[in-house]
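A short write-up of the structure that comes next.
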Amino acid sequence: MANYRQNKERSKSHATNQYEPRQTDNEDVSSEYTESPGNDKSSSRPKIKNKHRFWIGITVLITLGMGIYFQGSSIHSIRDVQSDGIGKGMKAGVQLAAVDDSAGLEARDFEIEMKKNTTTSRMLIWDFAAEDGDVVTVKVDGNILQTNINIMHSPVAIDIPIPSVVEIIGVKDGGGGITYGVKFPGAVHNSAYFNAAPVGSSNVYTITVQ
């Protein structure tokens, strides 16, 4: 009887030992299954970071290139207006030269066409080179409108009737010649005009309407 019980216990123990390794095998398989996706994710992270860095770099380069292009396209110089004295689309107050001597402008007269139904406007006048004490007087239709204007970098606004004939007379040369820019808001072509006015002479601007 005792031998029978011992044999029975041995058979149970043997059955248990056969089952336990299978559990261990299953645990190993499950652990490999759960770990492998984690390993794939960790290995893919550097690739994602590299892609982000690449596109960020491209974006920065494009932004810098566009900034340089537009900045360069907005810079004007006296060379742009020396041939005819006209600065197409230039704003009032723009600076084109450091000194009057380098302007190289001839004294010119201009015809300015204003938009339809314009009856009054302003003339903006400024020094586009050095603020060296140039002085001018403005006449409209033969009558003095404003005398001894000390032209500076900041434009001076003078009201004028439309149509009219405007004269800018050179009064005092601060050095290097009297040079100035003018613009008439409401003009058809939206241009600025750059001129030279020797002392005692004048530039004539004939203002008409469409």
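The values are calculated or read from the model by the stated rules, or taken from the named source; none is laboratory data. Keep in mind that this is a model prediction, so the values were computed, not measured. Reconstructed Cβ throughout: ideal geometry from the backbone, glycine too, with neighbour counts over all protein chains shown.
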It is to be established whether one or more residues within the stretch 158-172 are closer than 23 Å to G200 by Cβ, small (G, A, S) and assigned to a strand (DSSP E or B). yes
Scan the stretch 48-61 and tell me whether some residue there is farther than 23 Å from S202 by Cβ, out of contact with any Ser or Thr (no Cβ under 8 Å at 6 or more places or on another chain), buried (at least 16 other Cβ atoms within 10 Å of the Cβ) and at pLDDT below 95. no
Number of the condition not met by G175 [criteria: (1) among the small types (G, A, S); (2) closer than 12 Å to A107 by Cβ; (3) touching a residue at least 60 places away in the same chain (Cβ under 8 Å)]: (2)
Residue check, E113 against (1) in the same structural domain as P155 (by TED's automatic domain parsing); (2) under 10 Å from G181 (Cβ atoms), all met but one. Which one? (2)
Would you call A192 in contact with a Leu (Cβ under 6 Å, 6 or more places away or on another chain) and at negative phi? no
Selection from the stretch 93-115 of residues at pLDDT 95 or above and out of contact with any Phe, Trp or Tyr (no Cβ under 9 Å at 6 or more places or on another chain) yields A107, E113, K115
Kindly provide the set of residues from the stretch 118-127 that are in contact (Cβ under 8 Å) with a residue 60 or more places away in the chain and part of a loop (DSSP other than H, G, I, E, B), ordered by number. T118
Output the residue which, of all residues in the stretch 80-103 that are in a loop (DSSP other than H, G, I, E, B), more than 22 Å from the chain's Cα centre (by Cα) and polar (S, T, N, Q), is surrounded by the most Cβ atoms within 10 Å (Cβ to Cβ). Q82
Could you please give the count of residues in the stretch 118-145 that are on the phi > 0 side of the Ramachandran plot and of a type in the set (G, A, S)? 2
